[in-house]
Amino acid sequence: MRTSLEEARKAAKETERQLWSAVDPDGSLALPAANARKQVADILADMPKTAKPPTGEEAAIYQVSGQLGDVAPFSEITALQSRVKTELRTERLANGESAAYRRLSQLNSALYADIEAAVSGKIQQQVEAVARGDMDFEQTLLANMQRMVDGWVDERQGSTALANDGTRSVPFGQGGDFAVPSQGRTAGQTGRQAGRPAGRSGVQTALPEANFDAGAAERLTAAQLATRSRLEAFDNKTLSPIRRRPSTVSPYDMASASVPQRIFSSRAGSAEAIGKFRAAVGDRDAMRQIEEFAVDRVRKAALRDDGTLDPAKLESWRRAHSDALKALPQLDRRLADATTAGRTMAEVASQQKAVVDQARRSRLGQMMNLSDPGDVTRAIGSIFQLQDRNNQMGRLASVVAGDPEAKQGLRKAVVDHVISRFVGNTEAATTGQATIKADQFQTFMKENKPALRLAGFSDDEIKLMTSVASDIQRANRSLTAVKLPGGSNTAQDWQKVREGDAPTTILGRILMATAATGGFASGGIGGGIVGVLGAKTAGALREFGIESVNDLVADAMLNPGRARLLLSKYQPRTAKSVGDMLARVYRRSIVPSVAVSQGSSNGDTKRPLEITVPVPAR
């Protein structure tokens, strides 16, 4: 959640920066600066002779402020204002609201007054022009500013309303119609270039003419509104503590595990916090993360050892979180009872798993200069078809060696290729039987051991992958041997498999049971798992996000610990115990909610890999 918040704020800051840059794009604007210069003189004159004089940065600010002329470049005024604000933050952090802090606050207000006076002057001139009949009110700066303010208010109110009714919200800087006023000079604008002379530093010494016109005032208003919107959206009392830290290179004050509870909790006000987070980040990321965290809490609060939800505990949890769920009516309905909540848990687990897999594929794709996940899988698959596949895979492995996420993405791409090529669920013509190319899978494993090692698989994992291929091969042959021609005959098929020379491992039995009951063709695994290991294990797999035989086989190929259990010998008397153990292992392995992940903070990226392997046509 914190990563999403930081990224959204960064986007808002960039929009804000562009708007401020547009106020005075060529450095030609100038405006009266009498207030700031007078304020500095008053501050120094009013200080008691016995008081400690200003030192360091404060003294330097007063010195340069006193050098301002009657008219100063707008860029100088805003640069000085930024400098004052920085020193205000530093002084408050070090000494609180000290005498120096109060003096700098007075100067900051004077700088604001100079800018506002320039805007007010233009407004007054145009009001007089309207009174004389020389100008239409709708063309005035005042009318334009009011329209901009109304638009800003409507945008903020719209975001809040959307954030509370279960539909979308748009974070500032990532959408909407916040327009940048024209940067061109309006008719009648005068004044010479107010930029700093070449080779000089410090405050402008030439005498610029005041030329802060109506167009500049409109652009300034847009920039000010952007700053106000950013402060409201991200630096409020709810979200600001999430981002607080002593410096940009220091750890955050708030632990990562505590961040989601700042948004979604049993405390009063959680609905408001959820609305603020959604308005700041946007629903695409915010809703997924909030939902995942809420489901994690449900799992911890109400899940029984047998994998089912305790209705009483679920209802107690929902009552405790009623304020938070009030802001999430759709999620509230999906957690209304144990049955629907169980389905929701399975959906969210599958979603979490898909997000992690997608992140890993995307990271690998960045290094290969490929944006489509399908292209990444096809490119990796093409390497195995080359004569120099070991060299190509070694080259790729060296590029991803320092990036754990990309390394996992490479492993996942290899398994995706294997699944799509050898363990697909596509039916062969009209036979109704899945075309599992078990023999070709076995051959692939034998011929590509060196390339698989380079792709990040250990010898032990390759051995287990080979065992998985063998199980698929035995399951395929057993089903073919007992399949009665001319119909499905699923009950008879499974009975013959149980009585005949069926595969002897847990995985093999699951594959057989699933295929015999139509699972391979349809992709589901529920019936096969329940028939071999019971409902508890089937529920654990669904919670984990495994929805098909393909998912189960892919998981076994990527995770040796779970693969060993699945490849253990099948014995009817001990099957339930093995199933219970598998259920515990899978539940402990559920992908953590991305809501509490810290994500990358350094923004490092590797240079795209210029591979010579062409991506096969789709």
Residue satisfying all of: in region 316-329; assigned to a helix (DSSP H, G or I) and either among the polar types (S, T, N, Q) or in contact with a Gly (Cβ under 8 Å, 6 or more places away or on another chain) (or both); nearest to ARG297 (Cα to Cα) among these
SER316
Pairing a residue in region 210-225 that is surrounded by 22 or more Cβ atoms within 10 Å (Cβ to Cβ) with any residue that is outside any helix (DSSP H, G or I) and at pLDDT 75 or above, where Cβ atoms lie under 6 Å and the two sit 6 or more apart in sequence or on different chains, gives PHE212/LEU29; PHE212/LEU31; ALA216/LEU29
Within region 1-56, restricting to residues that are in a loop (DSSP other than H, G, I, E, B) and of a type in the set (Gly, Ala, Ser), the one that is surrounded by the fewest Cβ atoms within 10 Å (Cβ to Cβ) is ALA51
Return yes when SER398 is farther than 20 Å from ALA554 by Cβ and out of contact with any Lys or Arg (no Cβ under 8 Å at 6 or more places or on another chain) and no when it is not.
yes
Can you pull out the residues in region 258-274 that are part of a helix (DSSP H, G or I) and open to solvent by 10 Å² or more (accessible area, probe 1.4 Å)?
SER258, GLN261, ARG262, ALA271, GLU272
Hey, any hits in region 303-320 for a residue that's open to solvent by 30 Å² or more (accessible area, probe 1.4 Å), at negative phi and out of contact with any helix residue (DSSP H, G or I) (no Cβ under 9 Å at 6 or more places or on another chain)?
yes
Only listed residue being outside any helix (DSSP H, G or I), more than 21 Å from the chain's Cα centre (by Cα) and under 25 Å from PHE444 (Cβ atoms), chosen from GLN385, GLN392:
GLN385
For region 61-73, how many residues meet the condition of being under 17 Å from SER105 (Cβ atoms) and open to solvent by 30 Å² or more (accessible area, probe 1.4 Å)?
0
Residues satisfying the stated conditions in region 74-93, i.e. open to solvent by 70 Å² or more (accessible area, probe 1.4 Å) and out of contact with any helix residue (DSSP H, G or I) (no Cβ under 9 Å at 6 or more places or on another chain)
ARG89, LEU93
Give region 541-583 a look and list any residue that's free of Cβ contacts under 8 Å to residues at least 12 places away in the same chain and either crowded, with 18+ Cβ neighbours inside 10 Å or in a helix (DSSP H, G or I) (or both), or say none.
ASP555, SER577
Pairs needed: first member in region 286-298, in contact (Cβ under 8 Å) with a residue 60 or more places away in the chain; second member anywhere, of a type in the set (A, V, I, L, M) and not in a helix (DSSP H, G or I); C-beta distance under 6 Å; at least 6 residues apart or different chains.
GLN289/MET1
Determine whether region 248-257 contains at least one residue that is open to solvent by 10 Å² or more (accessible area, probe 1.4 Å), assigned to a helix (DSSP H, G or I), under 24 Å from VAL356 (Cα atoms) and modelled with pLDDT of 90 or more.
no
Reported set for region 437-464 where residues are among the hydrophobic types (A, V, I, L, M, F, W, C) and open to solvent by 30 Å² or more (accessible area, probe 1.4 Å) is LEU454
Region 330-376, residues that are in a helix (DSSP H, G or I), open to solvent by 40 Å² or more (accessible area, probe 1.4 Å) and of a type in the set (Asp, Glu)
ASP332, GLU347
Filter result (among the acidic types (Asp, Glu) and assigned to a helix (DSSP H, G or I)) within region 209-247:
GLU218, GLU232
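The values are calculated or read from the model by the stated rules, or taken from the named source; none is laboratory data. As the structure is a prediction and not an experimental result, all values here were calculated from the model. Cβ: placed from backbone, ideal geometry, glycine included. Neighbour counts: every protein chain shown. Side chains are part of the model used for accessible areas, which takes the heavy atoms of the whole protein and leaves out ligands, DNA and RNA. Shrake-Rupley method; radii C 1.70, N 1.55, O 1.52, S 1.80 Å.
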